[in-house]
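Readers should treat all values here as calculations from the given coordinates under stated rules, not as data from a laboratory. The structure displayed is predicted, hence computed values, not measured ones. No Cβ is skipped: glycine too gets one built from the backbone with ideal geometry, and neighbour counts run over all protein chains shown.
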Amino acid sequence: MLKEIIEKVQKKDQEIRDLGYMSAVLNWDQEVNMPPEGLEERARMLAYLGTKAHEITTSDEYGALLDEAEALVDELPQLERDRLKELRRDRNKAVKVPASFVEEYSKATSLAQHHWALARKENNFAAFAPHLEKIVQLSKDLAGYLGYEDHPYDALLDQYEPGMTSRKVQSVFEPLEIFLQDTITKLKPNLDKVSDEVLTRNFDAKKQEEFSKILMEHLKYPTSRGRLDASTHPFTTSLGYNDVRITTRYYEDFIQTSMMGTIHEAGHALYELGFAEELKGSALAEGTSLGMHESQSRFWENVLGRSYGFWTALYPKLQDLYPQLADVSQKDFVDALNVVKPSFIRVEADEVTYNLHLILRFRLEMALLDGSLAVTNLPQAWNEMFTKLLGITPPDDAHGVLQDVHWSIGALGYFPTYTIGTLYASQLAVAMEKDLGSLEELASKGDVQPVLDWLRAKVHVHGKRMGAEEIVTAATGEGLNPTHFMKYIQKKYSALYGVEL
Ligand code: MG
């Protein structure tokens, strides 16, 4: 009886997971290979798979199965209990939202995404505004269905960062904002001390791909369980427990984009590849939150990938591919990777200014959701706040409020997870150094295995069995804390720019 129920639950779980993986196959193909006219049919197939998974999750039969299993919870092995908890959480979320809403939301967001892309191209916010108004309204409705205590934002944020609240985010963002603004003020008169000119020499794209593969190997990202392709926007996707793929993009006049993109996405992939084998095929074989996911990508990309030691083994290989770097020292090359330059586009931002882009978005989203800011006034609010935070004013809306896809796909509440990830990355790095010694030294030995092993044991292996703050508390002795990131920035950029920060 017990065994039979466990097997039934496992089978359903696997079925739901497989539908997700099938969607991932179609999505990956759409981004990497599909000719443009395939779009309409592809959208229909993806909608079908999405509906199918939703149908299973919300069905009475599945609900009864979970009830039956829960009645036996005391007899279940721990893994099955954890699985059941996760499946119940997913079902609760799914049944709270009416099917008619899911359909309306899906239509509104696919329309909005289309009009956002046009509006950005034509630099015409007015054309996107009515769609964004609709999305804001639907997001408020969604928050109402999902439920919250303090602020509708909490319900939306919880989808991406379970357990996190807007109040907590605010309390972390406030000191961070003050610190970053102060840092930028001090760096400003010194910004021309470091240049990234060496990264803008002409770099053949084919060789960049070759180097990205060298990077993957260096990071212990196995091609037996993954692969690298090119796409307009870099991403990581799991097509199965043993099939985790990444993409990057190649700019011949700026080599940084492909290299750091590859390291970033490989960081995401290593997390997905590190879930314990026993979690395979279950709802627990997923990143525990987007913040934790981003902590992995940003750890590899910034903390390690922008350190001097990391390049000791790799830079000679890059120089072999590109003789135009023969006259550039390893130090000058890594300096260039760390240049600070206040700019308009979030995805191109450096480590110092990056989080100000996110603080801006968080504040605006909060105001849109509680009604204190109207969509029509959004561009003005964006430009004013941007000027205050970064000291420069966007020349137009394409370089301002229209730059990100997130709002058009309904992902309000998503942005803070990028900053949460950055902060977790620094916290984890501090704890790692206590165990392993200086990361600079370790990285310069050319073998990242001890680093990967540490992350595997402390973070990856748990999948969704532990929450993000629970994992970080177990690994570092405390929950989300911005202090470690601030110290990291202070130390690194004081040295680079020769100023007391
Ligand atoms: Mg990422």
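For Y250, which sequence-distant residues (separation of 5 or more, or a different chain) have an amide H within less than 5 Å of its own amide H, given hydrogens modelled in the peptide plane?
Amide H to amide H, under 5 Å and 5 or more residues apart or across chains, Y250 pairs with nothing.
With a cut-off of at most 15 other beta carbons within 10 Å, and DSSP calling the residue loop, which GluC sites (Glu not before Pro) in the range 120-177 qualify? Please list them. Don't skip to the answer; put the middle values down first.
On the way: sites: E122, E133, E149, E177; in loops: E149.
Those that pass, being in a loop and sparsely packed, are E149.
By count of other Cβ within 10 Å, fewest leading, how are I5, I489 ordered?
Details: I5 17, I489 21.
Listing I5, I489 from fewest to most nearby Cβ atoms yields I5, I489.
Quick check: residue separation of K3 and K280 times 0.36 nm, minus the Cα distance between them. What number comes out in nm? The partial results should precede the final answer.
On the way: separation 277, 0.36 × 277 = 99.72 nm, distance 1.85 nm.
The span from K3 to K280 would gain 97.9 nm if fully extended.
Show the residues, 5+ positions off or on another chain, whose built amide H is closer than 5 Å to the amide H of G163.
none
Treat the count of other C-beta atoms within 10 Å as a stand-in for reagent exposure and order M486, M432 from fewest to most.
On the way: M486 19, M432 22.
The most exposed by this proxy come first: M486, M432.
Report, largest value first, the span of the C-alpha coordinates of the range 92-220 along each principal axis, in whole Å.
54, 42, 39
By counting other Cβ atoms within 10 Å of each Cβ, how are S110, S166 ranked from fewest to most? Don't skip to the answer; put the middle values down first.
Details: S110 14, S166 25.
With the fewest neighbours first, S110, S166 line up as S110, S166.
Which angle from 0 to 90°, rounded to the nearest 10, does the C-alpha axis of helix 483-497 make with the longest principal axis of the chain?
With rounding to tens, the tilt is 20 degrees.
If each Cα of the range 326-412 is one equal point scatterer, what is log10 of I(q)/I(0) from the Debye formula at q = 0.12, 0.18, 0.21 Å⁻¹?
Taken in order of the listed q values, log10 I(q)/I(0) reads -0.43, -0.79, -1.00.
Could you tell me which of rounded, prolate or oblate describes the range 172-252, using a ≥ b ≥ c as the square roots of the eigenvalues of the alpha-carbon gyration tensor, with rounded for a/c under 1.5 and, failing that, prolate when a/b is larger than b/c and oblate otherwise?
Numbers: a/c = 3.11, a/b = 1.58, b/c = 1.97.
Oblate is the answer for the range 172-252, as a/c is 1.5 or above yet b/c matches or exceeds a/b.
How are the C-alpha pair distances of the chain spread across 10 Å bins, as whole percents from the shortest bin up?
Bins of 10 Å from zero give 4, 18, 29, 29, 16, 5, 1, 0 percent of pairs.
Distance between Cα centroids, the range 1-57 to the range 290-364: provide it in whole Å.
Their Cα centres are 35 Å away from one another.
May I ask you to evaluate 6.51 cos²θ - 1.76 cosθ + 1.60, the Karplus curve with θ = phi - 60°, for each residue of the range 4-10 and list the ³J(HN,Hα) values in order in whole Hz, giving x for glycine and proline?
With coefficients 6.51, -1.76 and 1.60, one gets 5, 5, 4, 5, 5, 5, 4 Hz.
Write down Rg/Rh for the range 96-163, rounded to two decimals, with Rg from the C-alpha atoms and Rh from the Kirkwood relation over Cα pairs. The partial results should precede the final answer.
Details: Rg = 13.7 Å, Rh = 13.1 Å.
Expressed as Rg/Rh, it is 1.05.
Pop out the ³J(HN,Hα) list for the range 190-201 in order, Karplus 6.51 cos²θ - 1.76 cosθ + 1.60 with θ = phi - 60°, rounded to Hz; leave Gly and Pro as x.
Rounded to whole hertz, the list is 10, 4, 7, 5, 10, 10, 10, 3, 4, 7, 9, 5.
Pop a pseudo-label 7 angstrom from the Cα along the beta-carbon direction at both D67 and Q10 and give the gap in nm to one decimal.
2.5 nm
Starting from the range 1-34, pick out the trypsin sites (Lys or Arg not before Pro) whose DSSP state is loop and whose Cβ has at most 10 other Cβ atoms within 10 Å.
Details: sites: K3, K8, K11, K12, R17; in loops: none.
Here no loop site has a sparse enough neighbourhood.
So how much slack lies between D229 and D182, counting 0.36 nm per residue of separation and subtracting their Cα-Cα distance, in nm?
On the way: separation 47, 0.36 × 47 = 16.92 nm, distance 3.98 nm.
Length gained between D229 and D182: 12.9 nm.
Can you classify the range 294-344 as rounded, prolate or oblate using the Cα gyration tensor, where a ≥ b ≥ c are the square roots of its eigenvalues, rounded means a/c under 1.5, and otherwise it's prolate if a/b beats b/c and oblate if not?
Numbers: a/c = 2.37, a/b = 1.44, b/c = 1.64.
It comes out oblate by the Cα gyration axes.
Given the peptides 368-381, 257-270, arrange them by the average over their residues of other C-beta atoms within 10 Å, most packed first. All intermediate terms of the calculation are to be shown ahead of the outcome.
Values: 368-381: 16.1, 257-270: 24.9.
The packing order, highest mean first, is 257-270, 368-381.
So what's the back-of-envelope 222 nm ellipticity for the chain, counting only DSSP H runs of four-plus at -39500 (n - 2.57) apiece and dividing by all residues, rounded to 500? Spell out each step's value before the answer.
Numbers: 20 runs with 311 residues, N = 501.
Result for the chain: -20500 deg cm²/dmol, rounded to the nearest 500.
Only sites in a loop by DSSP and with at most 16 other Cβ atoms within 10 Å count here; which trypsin sites (Lys or Arg not before Pro) in the range 241-306 make the cut? If you can, show how the numbers build up before the last one.
Details: sites: R245, R249, K280, R298, R306; in loops: R249, K280, R306.
Answer in residue order: R249, K280.
Helix 166-187 sits at what angle to the longest principal axis of the chain, using alpha carbons and giving 0 to 90 degrees rounded to 10?
Between helix and principal axis, roughly 10 degrees.
Got a sec to turn the phi values of the range 120-131 into Karplus ³J(HN,Hα) couplings, 6.51 cos²θ - 1.76 cosθ + 1.60 with θ = phi - 60°, whole Hz, x for Gly and Pro?
My calculation for the range 120-131 gives 5, 4, 8, 6, 10, 4, 4, 6, 8, 3, x, 6 Hz in order.
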